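Step one of this worksheet: look at the structure below.
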Amino acid sequence: MKESTKGMIRKHGWRLDKTVHNYIYFVFYYPYIKIIHSVLPVLKHLTWFKPMIPLGKMIFNRYHSKVLSFEDTQKIFRIDQSISVVSEANKSIIPFKYATKIIFQEPEFIAVMDCPCKKATKAPEPTINSCIAVGKGVASFWLDHCSKYNPRRLTQDEALDLITTLRRNGHITQAFFKVATGGSTGVICNCHPDTCASLQATMFSSRIDKSLSMNANSGYSINHDTGKCNNCEKCVKACNFDVIRFVDGHRRYSRTSCLGCGLCMESCPEKALSLYIDPDKPLPLDLNMI
């Protein structure tokens, strides 16, 4: 038995069911997600069916993500020591019932492999190799067991370069938390609503119940400096979620719907936009703050 498999068993302890689920999830990553993605169009037609709400909450509490600003992402890929924060207070950052542990063990050990969502949706080839594991536990398991998904080691700088390139092409950064993988983060993915099962699930589930979300807000909203803005509308094009509009020359911004990803700010040539911590949203996954 490979050491990475032993590590997975140690992580789950007596819960062999979770060990098996974790193993299947990664080794059969693509068919696992492909099945889920194929079911989503069917579920879209059942948004009227209210008994789906309890089922949706159960699923979303066990498989979800936290949107990251680029600054907070950089902090994750700059850490040089293991971090383990297991506390009820984490729910103020990751507002879900389960899977809220912030753990990065040996964070300089990084691997990237193909994103199953992007493979399932036939995303452009250059964007597919974009799921990143931070920490030896998950990264070594990918390298040992997931050769069909093209895993490879990355340095911290290479990981940030990859994320920067994908953000320039409209991908937001998310830290994923799953009960099946130990209830902690460690997988950082680069997601686009056209090719991400979790973002698509949130979009259709919100029609059933606005409280159903698989994607926790980054914790930030956008400040707009009208003195610097020249109404070029590049922020509108950068936003994947239609929260910024210009109507009759006036900017309209839906703060409550904004995930705080920061892509609009990064696209602004005049630096008229900035992020601020929004007290009405979950706290940021900011390692300095944590």
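The values are calculated or read from the model by the stated rules, or taken from the named source; none is laboratory data. Values in this document were obtained by computation on a predicted structure and should not be read as measured data. Cβ placement follows ideal geometry from the backbone for every residue including glycine, while neighbour counts extend to all protein chains displayed.
At a glance:
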| read-out | value |
| --- | --- |
| Check on THR226, β-branched (Val, Ile, Thr), farther than 24 Å from PHE104 by Cα and in contact with a helix residue (DSSP H, G or I) (Cβ under 6 Å, 6 or more places away or on another chain) | no |
| Tally, over the stretch 8-20, of residues that are surrounded by fewer than 16 Cβ atoms within 10 Å (Cβ to Cβ) and either touching a residue at least 12 places away in the same chain (Cβ under 8 Å) or of a type in the set (Asp, Glu) (or both) | 1 |
| Qualifying positions in the stretch 64-78 - closer than 14 Å to VAL187 by Cα and part of a helix (DSSP H, G or I) | THR73, ILE76 |
| Close pairs from the stretch 234-259: first within 13 Å of HIS224 (Cβ to Cβ), partner part of a strand (DSSP E or B) and aromatic (Phe, Trp, Tyr), Cβ under 6 Å, at least 6 apart | ILE244/TYR253 |
| Criterion violated by PHE109 - all others in (1) under 27 Å from VAL85 (Cα atoms); (2) surrounded by 20 or more Cβ atoms within 10 Å (Cβ to Cβ) satisfied | (2) |
| Cβ-Cβ under 8 Å pairs, at least 6 apart or on other chains, the stretch 119-131 side over 17 Å from TYR32 (Cβ atoms), far side basic (Lys, Arg) and in a helix (DSSP H, G or I) | THR127/LYS118; SER130/LYS118 |
| Residue match in the stretch 88-97 (condition: in contact with a helix residue (DSSP H, G or I) (Cβ under 7 Å, 6 or more places away or on another chain) and at pLDDT 95 or above) | no |
| LYS178 surrounded by fewer than 22 Cβ atoms within 10 Å (Cβ to Cβ) and modelled with pLDDT of 90 or more | yes |
